[in-house]
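Down below is the structure, laid out as structure tokens.
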Amino acid sequence: MTEHAIQLVIVTGMSGAGKTVAIQSFEDLGYFTIDNMPPTLLPKFLELLAHSGDNDKVALVVDMRSRLFFTEITSILDELESNEAIDFRILFLDATDGELVSRYKETRRSHPLAADGRVLDGISLERELLAPLKSMSQNVVDTTELTPRQLRQVISEEFSGDQQQSSFRVEVVSFGFKYGLPLDADLVFDVRFLPNPHYIAELRELTGLDQPVYDYVMRHEESEHFYQHLIQLIKPILPGYQKEGKSVLTIAVGCTGGQHRSTAFAHRLAQDLAQDWPVNESHRDKNKRKETVNRS
């Protein structure tokens, strides 16, 4: 394997065994993902990817939906095996016939190989066709007893490499209530009860990222008291969100206009959480200047 080899994971296996959950999990891990890739397009796609240099981690779903092209998969995999620029693994997802039948009944979908026959007939034919590919797979996962969350955890542990907690990150965003709540917020905290720098003339045009405003917001006893309770609340619950398979937790801190108090608090929170977790910090409304509309 070369130093900068493309990491390629081919996700395949029985229909209904969890390939959709798997490819979503790889996307959360930072892989470039494609669902239902015809095997004949693999060499050309990887050639284009190698020249682009945009992403060296790729996960592709290859299954019986592209049956017309599937007969060539063995020869294509042999080519990949001899290509030193590609480090590839096959993840094969399986489940018992009984569990697969149960899942198809639950979703009321037809099996891609069942045609007008029984679901079990399609499962039996697919298992026969996929047997050679299963024998070539480096990773075979039986999902019969796995929940979607547990499958995500298995994939994260196996394919996240040395990047700890790579499948989970925290988004900390400040906002102004006058502009509406962030639609993607999971946790929302309101700091409008704190002293407002807006009424200090020399601070009005600054933001919570400017040191004078930050110091003004944080120097009040009620600010420090609230922040300590906030950080003690958030830190212990983050492992629980990660364990549940959540890939992104968005924490929103709001004040009236999103310029001063919420920006300062979000910035401090992001810095503290970044000591232990991947964190992205953003301030949605800090540069907006909009007078509150009085409504009678």
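Observations on the structure shown:
- Meets criteria (out of contact with any Cys (no Cβ under 6 Å at 6 or more places or on another chain), in a helix (DSSP H, G or I), at pLDDT 95 or above and not aliphatic (A, V, I, L, M)) for residue 227: yes
- Among residues of the stretch 28-39 that are among the hydrophobic types (A, V, I, L, M, F, W, C), those with a beta-carbon under 7 Å from a residue that is assigned to a loop (DSSP other than H, G, I, E, B) and surrounded by 20 or more Cβ atoms within 10 Å (Cβ to Cβ) at least six positions away or on a different chain give the pairs 29/167; 37/62.
- Restricted to the stretch 103-123, and to residues there that are surrounded by 15 or more Cβ atoms within 10 Å (Cβ to Cβ) and assigned to a helix (DSSP H, G or I), the residue that is nearest to the chain's Cα centre (by Cα) is 103.
- Checked against the criterion of being within 30 Å of residue 22 (Cβ to Cβ), out of contact with any Lys or Arg (no Cβ under 7 Å at 6 or more places or on another chain), among the basic types (Lys, Arg) and not assigned by TED's automatic domain parsing to the domain that holds residue 21, the candidates 235, 243, 288 yield just one match: 243.
- Taking the criterion of being closer than 10 Å to residue 260 by Cβ and surrounded by fewer than 20 Cβ atoms within 10 Å (Cβ to Cβ), the only residue of the stretch 210-224 that qualifies is 210.
- When residue 241 is tested against (1) within 30 Å of residue 150 (Cβ to Cβ); (2) in contact (Cβ under 8 Å) with a residue 40 or more places away in the chain; (3) not β-branched (Val, Ile, Thr); (4) not in a helix (DSSP H, G or I), only condition (4) is not met.
- Hits in the stretch 23-76 - residues which are among the aliphatic types (A, V, I, L, M), outside any helix (DSSP H, G or I) and at pLDDT 80 or above: 29, 34, 58, 59, 60, 61, 62
- Any chance residue 191 is among the aliphatic types (A, V, I, L, M) and closer than 13 Å to residue 256 by Cα: yes
- Search result, residues across the stretch 255-280 that are surrounded by fewer than 20 Cβ atoms within 10 Å (Cβ to Cβ) and among the hydroxyl-bearing types (Ser, Thr, Tyr): 256
- Scanning the stretch 80-98 for residues that are part of a helix (DSSP H, G or I) and either basic (Lys, Arg) or free of Cβ contacts under 8 Å to residues at least 60 places away in the same chain (or both) yields a count of 3.
- For the stretch 259-279, a tally of residues being assigned to a loop (DSSP other than H, G, I, E, B) and within 22 Å of the chain's Cα centre (by Cα) returns 5.
- Of the residues making up the stretch 1-22, those that are buried (at least 21 other Cβ atoms within 10 Å of the Cβ) and part of a helix (DSSP H, G or I) number 2.
The values are calculated or read from the model by the stated rules, or taken from the named source; none is laboratory data. Small disclaimer: the values here were computed from a predicted structure and weren't measured. Virtual Cβ from ideal backbone geometry, glycine too; neighbours counted across all protein chains shown.
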